[in-house]
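All remarks here apply to the structure that follows.
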Amino acid sequence: MKVLVVNCGSSSVKYSLFDMEKEQKIAWGLVECIGLEEAFYKRQTITVPQVKTSCKVANHFEAVQIIIKDLLDEKTGSIKDIKEIAVVGHRVVHGGYKFSKPVLVNEQVKKDLKECYSIAPLHTPHHYAGIEAVEKMLPGIPSVLVFDTAFHQTMPDYAYRYAIPSEYYEQDHVRRYGMHGTSHKYVTQKAAAMLNIPVDKVNLITCHLGNGSSITAIKNGKVIDTSMGFTPLAGLVMGTRCGDIDPAVIVHILAKYPKMTSDELNNLLNKQSGVAAVSGIAGGDMREVEDAMLAGNKKAELAFNMLCYSGKKYLCAYYGILNGIDGIVFTAGIGENSPLTREKMCEGLDNLGIKIDKALNEPRSSKERFISAADSKIKVMVIPTNEELMIARESVEVLNENK
Ligand code: ADP
């Protein structure tokens, strides 16, 4: 059985084709810089190394068409007949108040998805275009939507509500939703297996640290709180996002600069803030920030310290509300690859039973592993995330439920 996973991002479309018998990725790639002169297509298969070609692509609908056409190419494609694809899984960033679990696409689901446009305007229209392109190119093949927000739907009301007048919740659906749910779910399942604890009994803190970062408190395998909020802007200091700030700062900025538009303000907080703003390193790429810090750049050091400190505060808060944990998981670009960040976030927590072993933390590896010291009460793990595989698994599950 083959499953195609499509991930329509803000300016790119990524895809992976899985053979689910072995849960093996057999073809993958992306169309990047959609709508720009420099747009390109990168493709790779299990037997053919990466090929990069430039392409003309105006929008996400066209990008998905390019990908599917290529997968079906007589000479170089990985699929001979569209019927080989059992289901297409679409990553959807925000399920809003309409979706709390993965769903099979039908006309009502598409209508409901359109209602989520205003909550995630940079992504949802592209997801919609992706669904329509699949419907055109792969007629009769079912599509499933897998939401980044779904895993967080088990949060209690006192964790997801904001203390602002109720009408903003009731009419405008303003509440904490949380993001990166597919990744947090994947590493929760992996960690439970590594710890030899049934998933519905495992208590964890999962740290997804990438350009965007979020930390989640997992009780008995379910989310009880998470650091991102109504949007991915909340929580930790991130690459270019400010994370938690006093909301009055925004009111103050708007009062002082009344000509600033909501788009400009959004851009300021999402694209011009975070590690990038503090370090002065464009994009806030953690590798560059660490290199600069190690070379003595004080601004880079401050940015690094701020990111780690904001993460450590969530780690300790969630340790408290969970009343003890079995393990801590680090995942995503920074979580998987930066020993310095992991060390700094866990520094000085030996009183809580959290101790990293430097010799286990340092080596680079693409395998899941323990990095806690032998006498650490809490196990600390690095687990490479695999959101695409999780989407493929969930798509098959939904397909089977609907048979
Ligand atoms: P996203 O999916 O949110 O765009 P990723 O999960 O790919 O982001 O993470 C990207 C981040 O991971 C970047 O800040 C990058 O610098 C960081 N990263 C990747 N490799 C390393 C490394 N070896 N050391 C430190 N940071 C790294």
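The values are calculated or read from the model by the stated rules, or taken from the named source; none is laboratory data. Since we're looking at a predicted model, the values are computed, not measured. All Cβ positions, even for glycine, are placed from backbone atoms using ideal geometry, and neighbour counts span all protein chains on display.
So, in the range 326-360, of the ones that are among the basic types (K, R) and over 20 Å from the mean Cα position of the chain (by Cα), which residue ends up farthest from the ligand (Cβ to nearest atom)? Write out each step before concluding.
Step one: filter the range 326-360 for residues among the basic types (K, R), giving 342, 344, 355, 358.
Filter again for over 20 Å from the mean Cα position of the chain (by Cα), leaving 344, 355, 358.
Working: K344: 12, K355: 22, K358: 16 Å.
Only one residue tops the list, namely K355.
Which of the residues that make up the range 67-113 are among the basic types (K, R) and assigned to a strand (DSSP E or B)?
In the first step, residues of the range 67-113 are kept if they are among the basic types (K, R); the result is 69, 75, 80, 83, 91, 98, 101, 110-111.
Of everything in the range 67-113, just one residue is among the basic types (K, R) and assigned to a strand (DSSP E or B), namely R91.
Search the range 54-82 for residues that are under 13 Å from V31 (Cα atoms) and β-branched (V, I, T) and pair each with any residue that is part of a helix (DSSP H, G or I) and modelled with pLDDT of 95 or more when their beta-carbon atoms are under 7 Å apart and the residues are at least 6 apart or on different chains.
Every condition considered, the pairs that remain are V57/A63; V57/I66; V64/G130; V64/A133; V64/V134; I68/M137.
Out of the range 80-95, which residues are of a type outside the set (A, V, I, L, M) and touching a strand residue (DSSP E or B) at 6+ places or on another chain (Cβ under 9 Å)? Walk me through how you get there before you give the answer.
Step one: filter the range 80-95 for residues of a type outside the set (A, V, I, L, M), giving 80-81, 83-84, 89-91, 94-95.
Those that are of a type outside the set (A, V, I, L, M) and touching a strand residue (DSSP E or B) at 6+ places or on another chain (Cβ under 9 Å): E84, G89, H90, R91, H94, G95.
Assuming N402 fulfils every condition listed in (1) at pLDDT 95 or above; (2) of a type in the set (S, T, N, Q); (3) closer than 22 Å to F151 by Cα apart from one, which condition is it?
That leaves (1) as the condition not met.
Looking only at the range 206-226, which residues are within 14 Å of the ligand (Cβ to nearest atom) and among the small types (G, A, S)?
Passing the criteria: G210, G212, S213, S214.
Mind listing whichever residues of the range 266-280 are in contact with a helix residue (DSSP H, G or I) (Cβ under 7 Å, 6 or more places away or on another chain) and either more than 25 Å from Y314 (Cβ to Cβ) or of a type in the set (A, V, I, L, M, F, W, C) (or both)?
From the range 266-280, those in contact with a helix residue (DSSP H, G or I) (Cβ under 7 Å, 6 or more places away or on another chain) are 274-276, 278-280; that's our starting set.
Residues satisfying the conditions are V275, A276, V278, G280.
Could you please find all residues in the range 205-222 being buried (at least 23 other Cβ atoms within 10 Å of the Cβ) and either among the aromatic types (F, W, Y) or farther than 19 Å from K344 by Cα (or both)?
Keep residues of the range 205-222 that are buried (at least 23 other Cβ atoms within 10 Å of the Cβ), which gives 205-209, 213-218.
Residues satisfying the conditions are A217, I218.
Any idea which residue in the range 238-249 is nearest to the ligand (Cβ to nearest atom), counting only those that are within 20 Å of R176 (Cα to Cα) and either touching a Ser or Thr at 6+ places or on another chain (Cβ under 7 Å) or in contact (Cβ under 8 Å) with a residue 40 or more places away in the chain (or both)?
Across the range 238-249, the extreme among qualifying residues is M238.
Scanning for something part of a helix (DSSP H, G or I), within 16 Å of the ligand (Cβ to nearest atom), in contact (Cβ under 8 Å) with a residue 12 or more places away in the chain and touching a Gly at 6+ places or on another chain (Cβ under 7 Å), does the range 361-374 turn up at least one residue? Reasoning before the result, please.
Residues of the range 361-374 that are part of a helix (DSSP H, G or I), as a first pass: 361.
Next, from what is left, pick out any that are within 16 Å of the ligand (Cβ to nearest atom): 361.
Okay, now just the ones that are also in contact (Cβ under 8 Å) with a residue 12 or more places away in the chain, so 361.
Filter again for touching a Gly at 6+ places or on another chain (Cβ under 7 Å), leaving none.
No, every residue in the range 361-374 fails to be part of a helix (DSSP H, G or I), within 16 Å of the ligand (Cβ to nearest atom), in contact (Cβ under 8 Å) with a residue 12 or more places away in the chain and touching a Gly at 6+ places or on another chain (Cβ under 7 Å).
For the range 250-290, give me each residue that is surrounded by fewer than 18 Cβ atoms within 10 Å (Cβ to Cβ), more than 16 Å from the ligand (Cβ to nearest atom) and aliphatic (A, V, I, L, M).
I250, V251, I253, L254, A255, M260, L265, L268
Any residue at all in the range 362-380 that's closer than 22 Å to G235 by Cα and either touching an Asp or Glu at 6+ places or on another chain (Cβ under 6 Å) or not acidic (D, E) (or both)? Can you show your working first?
Applying the first criterion (closer than 22 Å to G235 by Cα) to the range 362-380 yields 380.
Subsequent filtering for residues that are either touching an Asp or Glu at 6+ places or on another chain (Cβ under 6 Å) or not acidic (D, E) (or both) retains 380.
Yes, the conditions are met somewhere in the range 362-380.
Can you find a residue that is aromatic (F, W, Y) and closer than 24 Å to I215 by Cβ anywhere in the range 243-266? Give the steps one after another, and end with the answer.
Step one: of the range 243-266, the residues aromatic (F, W, Y) are 257.
With the extra rule that they be closer than 24 Å to I215 by Cβ, the set shrinks to none.
No: zero hits.
Only residues that are more than 11 Å from V329 (Cβ to Cβ) and away from the ligand (no atom under 16 Å from the Cβ): list them for the range 379-403, please.
Result: A392, R393, E394, S395, V396, E397, V398, L399, N400, E401, N402, K403.
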